[in-house]
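Bear in mind that the values in this text are calculations on the coordinates, not laboratory data. Bear in mind that the values here come from a model prediction, so they are computed numbers and not experimental data. Here the Cβ positions follow ideal geometry from the backbone for every residue, glycine too, while neighbour counts run over all protein chains shown.
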Number of protein chains: 2
Amino acid sequence: MLAKGLTPAISRGSGPVLCVLLTAASLAAQAPEANVRRIIDSPQFKTATAFLEKDHDRFVRELITLTEIPAPPFKEKQRAEAVLALLREHAVSDVEMDGAGNVMGVWKGSGLGAGGSGSEGRPMVAVLAHIDTVFPEGTDVKVKRAGNQLNAPGVGDNTRGVVLLLSLIRAMSAAGVKTSSDILFVGNVGEEGEGDLRGTKFLLQKGKYKDRIKQFIAVDGGEQSTITTGGVGSRRYRVTFKGPGGHSYGAFGLVNPAYAMAGAIARFSRITVPQKPKTTFNIGVVSGGTSVNSIPFEVQMDVDMRSESCAELKKVDDQFLALVREAVDEENTARSTREGKISADPKLIGDRPCGETPLTAPIVRTIAAVVTAFGLKPAYNISSTDANLPMSLGIPAVTIGRGPGGRSHSLDEFTVVEPKADLQAAQVALAIILSVAGVTGDQEKR
Amino acid sequence: MLAKGLTPAISRGSGPVLCVLLTAASLAAQAPEANVRRIIDSPQFKTATAFLEKDHDRFVRELITLTEIPAPPFKEKQRAEAVLALLREHAVSDVEMDGAGNVMGVWKGSGLGAGGSGSEGRPMVAVLAHIDTVFPEGTDVKVKRAGNQLNAPGVGDNTRGVVLLLSLIRAMSAAGVKTSSDILFVGNVGEEGEGDLRGTKFLLQKGKYKDRIKQFIAVDGGEQSTITTGGVGSRRYRVTFKGPGGHSYGAFGLVNPAYAMAGAIARFSRITVPQKPKTTFNIGVVSGGTSVNSIPFEVQMDVDMRSESCAELKKVDDQFLALVREAVDEENTARSTREGKISADPKLIGDRPCGETPLTAPIVRTIAAVVTAFGLKPAYNISSTDANLPMSLGIPAVTIGRGPGGRSHSLDEFTVVEPKADLQAAQVALAIILSVAGVTGDQEKR
């Protein structure tokens with residue numbers, strides 16, 4: 001209703017209520033504040049709010065339960081199945097796991113004005129929270145509670161996002177909310193690291209709803225005032241350095257691929273990148289070698305580069321590839337190559353497109369209006385989330401917050417569960433989803 | 001009789017034979033050739049030689065049998081028990097497995113001139129052959145014979161050494177040889193790699209004979225002309241670099257332990273070491289980090305340093321530890337430590353002491369005299385064997401050959417079993433052991 005993609009959904013129909021709606025929608029396209037206000041002030045929203053308040057204990061309980069089910073990259077299945085089982089208990093239909101391992105269910109909208117038979121062709125709002133974490137198998141994911149703080153790897157990023165979606169579905173159901181658009185709620189895989197957005201890629205490029213998703217909301221940020229409208233692009237490599245290897249003592253003096261790799265990392269650590277547009281680089285994983293007393297024949301490293309700017313990303317990428325070559329050349333000059341030279345093979349393992357949803361886009365203006373309506377000041381952000389892909393494909397997409405926490409991707413990750421603050425966070429997320437999906441007038445008649 | 005440690009054994013007693021012996025011993029201390037000649041020319045040595053010739057088939061049979069019992073590092077027990085069972089069939093007493101897993105038996109000497117009651121305090125010559133191999137569990141150790149060549153991992157290094165000892169004990173027994181000193185025959189564990197000489201360490205530092213072993217012969221070399229009188233020392237570390245970790249993008253700017261480690265490796269790769277005395281260093285294994293988009297909270301590397309010279313080993317070791325600290329400081333200065341600093345913990349995982357038995361030491365002069373007596377030209381060598389430890393403790397120690405072979409530590413390891421050459425190799429080893437342990441005059445009276 002608020003985004004271009006939904007315009008057909010409100011362009012037909014008859015009767016006074018719809019006329020009012022149509023007018024509201026037209027106004028909303030210019031100024032979404034009134035529409036947002038109408039939704040927040042509706043009795044249904046108040047009922048939903050009361051429900052969310054009572055639902056907090058369950059929210060925390062589910063957060064702990066799901067956090068303690070490991071979901072390493074590419075090994076999300078156990079947690080995905082737990083989310084799938086939960087989805088089946090919620091007011092969504094067509095609950096399933098897709099070919100990529102995403103789990104999802106459809107919140108049926110009224111389809112008001114959509115035309116056509118059935119809901120197959122109707123536009124849909126996808127609301128995603130990724131279920132994967134960055135933490136490898138064997139990481140201790142036991143949640144430790146200290147007052148209102150829950151400490152555990154992945155508890156915030158993004159288990160909190162997943163359980164927030166579940167709580168919102170329960171609230172929508174309890175309040176009898178009717179949305180215009182169908183909403184596809186997804187616990188998706190493959191957001192982190194080498195997952196390389198494979199869950200979202202499947203959803204938007206191969207999945208059964210790929211042609212229906214016209215707006216996209218990822219719940220994968222922190223505070224609710226932050227609206228992520230830009231997708232930080234990233235380039236990721238696994239660089240393999242190879243050499244002849246040999247006995248550490250007997251073959252001493254031969255080139256060592258670990259030295260070439262260290263030379264590359266040391267150079268990389270010294271490059272300068274702009275603070276604005278934010279540009280970053282990281283060596284995330286190193287490995288290689290067979291024994292302490294053998295010169296390795298192979299070592300490798302995983303490298304991540306990101307930028308808010310496509311041009312800056314290209315610059316750091318070019319520098320990186322050049323310094324790998326330099327380091328290899330240096331090692332081939334420093335030691336003997338009589339048994340073979342060092343080579344480096346940078347393999348692209350991640351290519352997260354950069355993209356942007358303009359601040360003037362209806363989805364952004366609507367979300368800003370919601371944030372403002374709750375007395376917060378919208379802060380626009382550029383990040384790297386599942387929303388990168390739809391942004392790069394021209395689908396209006398935004399990433400919103402799941403609530404407060406910190407130290408994401410570290411072993412001392414935490415999230416804060418404080419009933420009052422959490423209620424507001426949930427209200428904002430709910431109002432965003434409803435405002436973007438549109439709420440049909442008939443709820444006002446109940 | 002020939003080494004300082006044995007002097008008390010020949011300093012007392014009476015009678016003309018002993019007077020002759022004393023004279024011979026005194027002469028031997030200056031010029032061992034005559035004593036060696038006397039032993040080689042004795043009827044007992046000729047009997048032993050005839051026995052060894054006939055024993056060749058059994059030697060080969062036991063070599064195949066023992067080679068085919070796997071003995072990976074830290075998992076030597078099965079083979080050790082087989083050797084223990086064999087030792088029980090031989091003319092040695094006090095056969096046992098010690099606390100480290102070494103198996104051993106004592107060849108009783110005459111203790112002539114030792115004084116005191118019993119043999120508890122009498123000096124002893126330890127003759128060792130390590131039973132462990134470098135090959136991991138699951139390696140195919142089936143012996144394949146091609147003519148006179150036996151092919152199998154570990155067949156030469158050092159199963160051949162172990163079965164040679166057994167054959168020598170049989171020959172000594174068959175010939176009725178009487179030695180002055182007790183001889184401790186040992187099949188020891190823990191020589192290879194991360195075994196870190198644990199068998200020999202136990203023997204010389206904790207075992208029941210630790211105060212009695214005054215001379216030390218390791219049978220762990222190739223050709224009989226090679227006399228290893230220097231122990232290449234090694235220092236091995238596993239260095240763990242830790243930091244606060246964090247999100248590669250969100251926490252960009254925090255210290256990264258992979259940068260500190262790379263800085264250390266890059267520095268290490270640029271140090272200079274002398275070619276003579278040979279000194280080497282190596283980064284053999286690197287690992288760490290959890291995902292491409294996380295700043296690692298931990299990375300580590302395995303480092304090997306070796307030198308023929310204790311002073312040079314200490315120099316490279318000191319340099320290494322200093323440059324690790326430098327690299328850590330550099331990283332803590334280059335990036336933010338607001339969430340924590342980088343630390344490095346170098347854990348010593350291998351410490352093979354360097355040492356040397358001077359070429360002028362009686363044990364070396366005696367062995368050289370034996371080698372020369374068999375028409376070979378002594379070649380002095382520096383290597384890394386069980387003898388390193390006694391050398392570092394000031395115990396006269398030498399590593400001698402077990403016979404020809406090649407490709408040690410590789411899957412295509414082989415040894416050559418050729419009756420004539422093997423006989424000479426066994427004769428040399430026997431003459432070395434007898435000359436070092438001393439042979440009492442009473443054998444000449446039989």
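Each Cα pair of chain A feeds into the Kirkwood radius, which the Stokes-Einstein equation turns, at 4 °C and 1.567 mPa s, into a diffusion coefficient of 56 µm²/s.
Averaging Cα coordinates gives a centre for segment A:353-414 and one for segment B:412-435; these two points are 78 Å apart.
For chain B, the longest principal axis of the C-alpha atoms and the axis of helix B:362-373 are separated by about 70°.
Peptide B:251-259 shows a mean partner chain C-beta count of 5 within 10 Å per residue C-beta. Note on the protein assembly as shown: with charges restricted to the Cβ of Lys and Arg (+1) and Asp and Glu (-1), its dipole about the Cα centre is near 360 debye.
Can you sort A:Glu89, A:Glu326 by how many other beta carbons sit within 10 Å, fewest first?
Listing A:Glu89, A:Glu326 from fewest to most nearby Cβ atoms yields A:Glu89, A:Glu326.
Listing A:Tyr380, A:Tyr237 from fewest to most neighbouring C-beta atoms within 10 Å gives A:Tyr380, A:Tyr237. Its Cα gyration tensor gives segment B:351-391 an equivalent ellipsoid; the semi-axes, largest first and in whole Å, are 23, 11, 7. Relative to the first principal axis of the alpha-carbon coordinates of chain A, what is the inclination of helix A:161-175, with its axis defined by its Cα atoms, in degrees from 0 to 90 and to the nearest 10? The angle comes out near 10 degrees. From the largest down, segment B:294-446 spans 85, 36, 25 angstrom on the principal axes of its Cα atoms. For segment B:48-115, the alpha carbon convex hull comes to 122 Å³ per residue, rounded to a whole number. With contacts taken as Cα pairs under 8 Å and at least 6 residues apart, chain A reaches a relative contact order of 24 percent. Peptide B:238-248 has a mean shielding of 4, counted as Cβ atoms of other protein chains within 10 Å of each residue's Cβ. At q = 0.16, 0.19, 0.21, 0.24 Å⁻¹, what is the base-10 log of I(q)/I(0) for segment B:219-306 according to the Debye formula with one equal point scatterer per Cα and no solvent? Please give it to two decimals. Those come out to -0.74, -0.89, -1.00, -1.14, one per q.
So, R0 is 25 Å and r is the distance between the beta-carbons of B:Leu348 and B:Glu137; what FRET efficiency does that work out to, to 0.05?
With a Förster radius of 25 Å, E is 0.45.
For the peptides B:41-47, B:247-253, A:42-48, residues were scored by their other Cβ atoms within 10 Å and the scores averaged per peptide; the highest-first order is B:247-253, A:42-48, B:41-47.
Annotation: aspartates and glutamates with alpha-carbon distance below 13 angstrom to B:Lys108 (same-chain offsets under eight excluded): B:Asp94, B:Glu120, B:Asp182. The C-alpha radius of gyration of segment B:76-193, expressed as a fraction of 2.2 N^0.38 Å, stands at 1.20.
Among B:392-398, B:274-280, sorting by the average number of other beta carbon atoms lying within 10 angstrom of each residue, highest first, gives B:392-398, B:274-280. Only lysine pairs 8 or more places apart, or on different chains, with alpha-carbon atoms under 25 angstrom apart are counted in segment A:131-223, and they number 6. Projecting the alpha carbon convex hull of the protein assembly as shown along each direction and taking the average yields 43.4 nm². Inter-chain neighbour count for A:301-310: the average number of beta-carbon atoms from partner chains within 10 Å of each residue's beta-carbon is 3. Remark: B:Glu192, B:Glu137, A:Glu298, B:Glu331 ranked as B:Glu137, A:Glu298, B:Glu192, B:Glu331, counting other beta-carbon atoms within 10 Å and listing the fewest first.
So which trypsin sites (Lys or Arg not before Pro) in segment B:115-196 end up in coil per DSSP with only 12 or fewer other C-beta atoms within 10 Å?
Here the trypsin sites (Lys or Arg not before Pro) that fit, given the DSSP loop and packing criteria, are B:Lys142.
If only the Cβ of Lys and Arg carry +1 and only the Cβ of Asp and Glu carry -1, the dipole of segment A:151-197 around its Cα centre is close to 480 debye.
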